[in-house]
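Student: Can you keep this structure in mind? I'll have questions shortly.
The values are calculated or read from the model by the stated rules, or taken from the named source; none is laboratory data. Since we're looking at a predicted model, the values are computed, not measured. Virtual Cβ from ideal backbone geometry, glycine too; neighbours counted across all protein chains shown.
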Amino acid sequence: MARDDSGTFWRPDAITPQMGDAADSGACTMPDAELMRRTAAGDRSAFAALYQRHSASVYRFARLMIGSASAAEDVVQEVFLVVMRDASRFDAARASLSSYLYGVARHHTRRRLLRQRRFVALDPRDATHEAAADHDPAGDLLRASELRRLRRAIVAMPSRYREVLVMCELQDVSYADAALTLGCAIGTVRSRLHRARELLKTKMRRIEAQSPSVHASSIRCAI
Amino acid sequence: MKPLDGHDELTATLRALRDEEAHIQPPACVRSAVLAAWDSADRGGLPRQSGEVAKAGTWRVAALAAGVALAVALTRLGGELQSAIVPPQALAAMVHLVGEPIADGEAVRVVRMRMAPAVLASLGIRSTAGELADAVDVDVIVGEDGVARAIRLGM
């Protein structure tokens, strides 16, 4: 076990052998629809394989949408609780599992944002994400600063633009899948993405021009 | 810092962020919490299929019972808190999940993790102080067989 960055609790690296890998059962190679069918039938290794395959993208989506790593962890738990309960309702003919999961994650992030209409502090571990060893410390600093600015600008965008940007630009979701997730036309996704990029540029300029006295880790998270 | 004016520069910065994001994974404790919820549901907890009406009823009754037990424990602990100073180890409630009660001297592992309120609710644990917004730190008591047996909540 390792101590959390905040020093507040201990993180288990692994819990028990029984909660172990889906890799052991060969579930890792199965298509999503089959894993969902098996999950609905009570196959634990299929559920674990689904988690292994999709939890990271759900987590990253939620983190960028909410601007908080701990809130994103909650969203991941909530999303997979829904998978656990409603796996039998999933219809692979209607949408890919990714779209379905993004849809559930989107619902939970929006609910959370609406419930917590307040300033959300960006997690220190977000802002100081460890960079790989590099030979150019000055370049690293500049790059880190630029990315921090970008993260802040993304979190400050209205959520209807932010979600499109996060999915299509940062998560490699196709326009068609994004449209399914958001329940809108592909053309709407394209136009929102265009608008999102324009907004992003404006917000980044504004953040750059802000006084250095503004607290670096506290910004308003737009709904 | 150079200004971000051009379309290409924004694309490059977004790509850099995407590359950085690609390495980010949820912490292991999230997986543990999710799988603990699965294990609990697997032994008579949550219904997993929409057709399992009877199981759903059982689950609701079990959740209600656990909720009532927790509420009673919370009330009692609240009273104790008001009346006297109690040692720190008493400020916790144990919610039994599956299997036999944990015997004295039984080898168990205690795993501290954060659980979303929704996951706790799925285990029949609800706050008496209304809807919780943030995750709660809990101790999961794991038996030698690797099954999550109980949850201990700090008060």
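Student: Across segment A:93-111, what is the total count of residues that are within 18 Å of residue A:189 (Cα to Cα) and not in a helix (DSSP H, G or I)?
Tutor: 2
Student: Follow-up question, since we're still on this one. Is it true that residue A:83 is among the hydrophobic types (A, V, I, L, M, F, W, C), under 24 Å from residue A:155 (Cα atoms) and touching a residue at least 24 places away in the same chain (Cβ under 8 Å)?
Tutor: On the way: among the hydrophobic types (A, V, I, L, M, F, W, C): yes; under 24 Å from residue A:155 (Cα atoms): no; touching a residue at least 24 places away in the same chain (Cβ under 8 Å): yes.
So residue A:83 does not fit the description; no.
Student: Looking only at segment A:182-204, which residues are assigned to a helix (DSSP H, G or I) and either exposed (fewer than 15 other Cβ atoms within 10 Å of the Cβ) or in contact (Cβ under 8 Å) with a residue 40 or more places away in the chain (or both)? First the steps, then the outcome.
Tutor: As a first pass, look at segment A:182-204 and keep what is assigned to a helix (DSSP H, G or I): A:182, A:186-204.
Answer for segment A:182-204, where residues must be assigned to a helix (DSSP H, G or I) and either exposed (fewer than 15 other Cβ atoms within 10 Å of the Cβ) or in contact (Cβ under 8 Å) with a residue 40 or more places away in the chain (or both): A:182, A:186, A:187, A:191, A:194, A:198, A:199, A:200, A:202, A:203, A:204.
Student: So, in segment A:62-91, how many residues would count as being within 24 Å of residue A:34 (Cβ to Cβ) and touching a Phe, Trp or Tyr at 6+ places or on another chain (Cβ under 7 Å)?
Tutor: Matching residues across segment A:62-91 total 4.
Student: Being under 15 Å from residue B:32 (Cα atoms), more than 7 Å from chain B (Cβ to nearest Cβ) and at pLDDT 90 or above narrows it down to one residue among A:45, A:55; which is it?
Tutor: Answer to the selection: A:45.
Student: Within segment A:74-85, which residues are at the interface with chain B (Cβ under 7 Å from one of its Cβ atoms) and either aliphatic (A, V, I, L, M) or buried (at least 23 other Cβ atoms within 10 Å of the Cβ) (or both)? So that I can check it myself, show each step before the final result.
Tutor: Start the filter on segment A:74-85 by keeping residues that are at the interface with chain B (Cβ under 7 Å from one of its Cβ atoms), which leaves A:74, A:76-78, A:80-81, A:84-85.
If the condition is that a residue be at the interface with chain B (Cβ under 7 Å from one of its Cβ atoms) and either aliphatic (A, V, I, L, M) or buried (at least 23 other Cβ atoms within 10 Å of the Cβ) (or both), then A:74, A:76, A:77, A:78, A:80, A:81, A:84 are the ones that fit.
Student: Go through (1) away from chain B (no Cβ under 12 Å); (2) not in a helix (DSSP H, G or I); (3) not polar (S, T, N, Q) one by one and return the number of the condition residue A:33 breaks.
Tutor: It fails just one condition, (2).
Student: Among A:89, A:106, which is within 25 Å of residue A:175 (Cβ to Cβ) and not aromatic (Phe, Trp, Tyr)?
Tutor: Numbers: A:89 fails: within 25 Å of residue A:175 (Cβ to Cβ).
Just a single option satisfies the conditions, and that option is A:106.
Student: Something else now. What are the pairs with Cβ atoms under 8 angstrom where one residue, in segment B:99-113, is more than 23 Å from residue B:27 (Cα to Cα) and the other, located anywhere, is of a type in the set (A, V, I, L, M, F, W, C)? Sequence gap at least six, or different chains.
Tutor: B:99/B:147; B:102/B:108; B:102/B:141; B:102/B:150
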